[in-house]
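K.L.:
One structure, as structure tokens, below. Some questions next.
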Ligand SMILES: O=C(O)CCC(=O)C(=O)O
């Protein structure tokens with residue numbers, strides 16, 4: 001697997017780094033080409049239609065009743081059972097951008113695929129580092145749009161300049177339920193939509209407050225492939241995220257921390273600590 005490239009102009013990478021440092025996130029346009037995006041969507045639709053016993057077993061539409069997400073749940077950690085997903089998580093273009101943003105070698109932690117069909121709920125505002133608990137440093141997300149997304153179909157919503165905030169320990173509900181009480185928008189700050197074309201990737205720091213609204217469109221899916229990374233000096237991470245992977249695909253083991261070893265010192269005040 002080739003993990004290094006000079007796929008982007010130096011000036012574009014510098015602009016991404018500046019935005020990342022100033023805002024806590026940056027939007028990299030057209031990281032993936034149209035035909036690649038079609039391939040990813042087809043791959044996961046096929047995975048959904050066949051199901052993967054033990055790994056991905058959606059309910060039928062009849063069984064799902066009025067909760068479309070039971071028929072189209074997100075695929076968790078597809079890189080653990082699907083070589084193509086592992087390849088996308090370790091993609092050399094993402095690696096190149098991540099190296100520039102964090103200034104060192106990233107380690108891949110997690111992959112997810114969201115179908116988010118019309119009618120799907122969104123996700124309450126949260127900080128990823130609450131769940132991943134990468135130490136030292138933080139995690140960083142690479143969220144790739146596979147459909148055009150705006151506020152109507154539940155695009156990502158981010159609160160700029162929250163990368164240096166502490167992890168908020170208030171009550172929160174399921175990370176998959178925007179009706180549950182998420183964390184609030186800090187006073188004087190505002191949440192902004194990330195309007196994205198298929199193939200664009202939004203990268204953000206683990207403390208950045210973000211979430212998404214429901215898909216209120218009639219017929220526009222909002223599919224996305226999402227990965228999380230840690231900096232190469234990662235010594236510990238929340239249990240459930242091991243093994244990590246180098247961008248060359250080698251599995252690595254680090255200390256796994258239990259829920260009560262998080263920045264919030266346990267579950268007090270939280271309804272649950274769902275895996276992110
Ligand atoms: O894709 C979404 O709607 C939310 C994803 C998210 O917040 C995350 O992966 O941390």
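K.L.:
As an exercise, use a Förster radius of 22 Å and the Cβ-Cβ distance of residue 219 and residue 189 to find the FRET efficiency, rounded to the nearest 0.05. It would help to have the intermediate numbers written out before the result.
P.N.:
Details: r = 33 Å, r/R0 = 1.52.
So, using R0 = 22 Å, E works out to roughly 0.05.
K.L.:
Follow-up. At 222 nm, what helix-only mean residue ellipticity would the chain give, in deg cm²/dmol to the nearest 500, using -39500 (n - 2.57) for each DSSP H run of four or more?
P.N.:
Calculated mean residue ellipticity at 222 nm is -6500 deg cm²/dmol.
K.L.:
Between residue 261 and residue 55, what length comes free when the chain is fully extended (0.36 nm per residue of separation minus the Cα-Cα distance, one decimal in nm)?
P.N.:
That works out to 71.4 nm of additional length.
K.L.:
Now a separate question. Order 163-169, 76-82 from most to least packed using the mean count of other Cβ atoms within 10 Å.
P.N.:
For the peptides 163-169, 76-82, the packing ranking is 76-82, 163-169.
K.L.:
Restricting to Cα pairs below 8 Å that are 6+ residues apart, what does the relative contact order work out to for region 10-261? Please round to a whole percent.
P.N.:
Reported as a whole number, the value is 29 percent.
K.L.:
Still on this structure, please answer the following. Can you sort 11, 207, 85, 236 from fewest to most other Cβ atoms within 10 Å of each residue's own Cβ? Kindly include the intermediate steps, with their values, before the conclusion.
P.N.:
Numbers: 11 8, 207 19, 85 23, 236 15.
Listed from fewest to most nearby Cβ atoms, that is 11, 236, 207, 85.
K.L.:
Just to be sure I understand the model, the point goes 7 Å from the Cα along the line to the Cβ. What's the resulting residue 35 to residue 151 distance in nm?
P.N.:
That separation, rounded to one decimal, is 3.8 nm.
K.L.:
Sticking with this one: Can you bin every Cα-Cα distance in region 79-231 into 10 Å intervals starting at zero and give me the percent of pairs per bin, rounded to whole numbers?
P.N.:
11, 39, 39, 10, 0
K.L.:
Give the peptides 220-233, 46-59 in descending order of average Cβ contacts within 10 Å, highest first.
P.N.:
Ranking the peptides 220-233, 46-59 by packing returns 220-233, 46-59.
K.L.:
Using 0.36 nm times the number of residues separating residue 45 and residue 161, minus their current alpha carbon distance, what extension gain do you get?
P.N.:
38.2 nm
K.L.:
Another question, then. With every atom except the alpha carbons ignored, what do you get for Rg and Dmax of the chain, in angstroms?
P.N.:
Final numbers for Rg and Dmax: 17.6, 51 Å.
K.L.:
Where both partners of a DSSP beta bridge lie in the chain, what percent of those bridges are antiparallel, to the nearest 5?
P.N.:
Just about 95 percent of them are antiparallel.
K.L.:
Hey, rough spin-label estimate for residue 92 and residue 21, points 7 angstrom out along Cα→Cβ, what's it come to in nanometres?
P.N.:
2.7 nm
K.L.:
To the nearest 0.05, what FRET efficiency results for residue 250 and residue 197 with a Förster distance of 35 Å applied to their C-beta separation?
P.N.:
On the way: r = 33 Å, r/R0 = 0.95.
That pair, residue 250 with residue 197, gives E of 0.60.
K.L.:
Give the calculated FRET efficiency between residue 84 and residue 10 to the nearest 0.05, with a Förster radius of 30 Å applied to their Cβ-Cβ distance.
P.N.:
So the FRET efficiency works out to roughly 0.50.
K.L.:
Further question on the same structure: Taking springs between alpha-carbon atoms closer than 10 angstrom, which of 35, 21, 255 fluctuates most in the Gaussian network model of the chain?
P.N.:
Top of the fluctuation ranking is 35.
Every number here is computed from the coordinates shown, using simple stated rules; none is lab data. From a predicted model like this one, the values you see are computed outputs, not experimental measurements. Using ideal geometry, Cβ is built from the backbone for each residue, glycine included, and neighbour counts are taken over all protein chains shown.
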